[in-house]
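*Asks:* If you scroll down you'll find the structure; I have some questions about it.
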Amino acid sequence: VQLQASGGGLVQAGGSLRLSCAASGKIDIRNIMGWYRQAPGKERELVATITNTGAANYGSSAKGRFTISRDNTKNTVYLQMNSLQPEDTAVYYCWRYSDYSNYWGQGTLVTVSS
């Protein structure tokens with residue numbers, strides 16, 4: 001499975017970004033996809049995940065501001081990020097769990113300026 005993430009960039013505080021991640025390769029319909037992030041000097045943390053049936057789970061930093069969704073016909077997961085703050089600056093990694101394995105994308109940088 002390969003994961004291709006896109007949508008990162010530079011945004012001012014209070015702004016919005018939408019990340020996308022498309023999966024390709026061996027696709028198991030039973031899977032979980034999501035996003036983790038890692039800020040400089042910090043550990044990687046959960047942002048949000050969503051199952052193939054649409055059940056979503058959010059990390060504490062994302063609740064109320066971020067929305068995860070997916071399009072199973074495109075094997076793609078999205079992360080709509082609103083009210084971004086400088087502390088949201090991080091590399092965001094796409095993640096997928098399927099076939100009892102974890103898969104990671106290459107990461108996309110989100111920078112929020114104050």
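The values are calculated or read from the model by the stated rules, or taken from the named source; none is laboratory data. It should be emphasised that the depicted structure is a prediction, and the values quoted were computed from it without experimental measurement. All Cβ positions, even for glycine, are placed from backbone atoms using ideal geometry, and neighbour counts span all protein chains on display. Side chains are part of the model used for accessible areas, which takes the heavy atoms of the whole protein and leaves out ligands, DNA and RNA. Shrake-Rupley method; radii C 1.70, N 1.55, O 1.52, S 1.80 Å.
*Asks:* When the accessible area of the chain is computed with all protein chains present and a 1.4 Å probe, what percentage of it is carbon and sulfur? Before the final figure, lay out the partial values.
*Replies:* Working: 2920 of 6000 Å².
Heavy-atom surface of the chain belonging to carbon and sulfur, 1.4 Å probe: 49 percent.
*Asks:* Run the numbers on the chain and let me know its relative contact order in percent, using alpha-carbon pairs under 8 Å that are six or more apart.
*Replies:* 36
*Asks:* Using all alpha carbons of region 1-73, what is the percent of pairwise distances in each 10 Å bin, ordered from the shortest bin to the longest?
*Replies:* For region 1-73, the binned pair fractions read 16, 48, 30, 5 percent.
*Asks:* Modelled label-to-label distance, K42 and N57, 7 Å Cα→beta-carbon offset: nm?
*Replies:* 2.0
*Asks:* Along Cα→Cβ, 7 Å out, is where each label goes; now give me the distance between the ones at K74 and Q4 in nm to one decimal.
*Replies:* Once both label points are built, they end up 1.3 nm from each other.
*Asks:* If you don't mind, another one. Considering only protein heavy atoms, with the full assembly of protein chains and a 1.4 angstrom probe, order R18, R30, R70 by accessible area, largest first.
*Replies:* R30, R18, R70
*Asks:* Suppose we keep just the DSSP beta bridges with both residues in the chain; what percent of those would be antiparallel, to 5? Mind showing how you got there, number by number?
*Replies:* Details: 40 of 44 bridges.
If I count the DSSP bridges inside the chain, around 90 percent turn out antiparallel.
*Asks:* Alpha carbon centre of region 4-40 versus region 70-114: separation in Å?
*Replies:* Each part's Cα centre sits 2 Å from the other's.
*Asks:* Using the heavy atoms of the protein chains alone and a 1.4 angstrom probe, what is the accessible area of the chain per residue in square angstrom?
*Replies:* Ligands and nucleic acids excluded, the result is 53 Å² per residue.
*Asks:* Work through the residues other than T51 whose Cβ is under 13 Å from its Cβ and net out their charges, Lys, Arg +1 and Asp, Glu -1.
*Replies:* Surrounding charge for T51 is +2.
*Asks:* With a sphere of radius 14 Å drawn around the Cβ of R30, what net charge do the other residues whose Cβ falls strictly inside it have (Lys, Arg +1; Asp, Glu -1)?
*Replies:* Counting the neighbours of R30, the net charge comes to +1.
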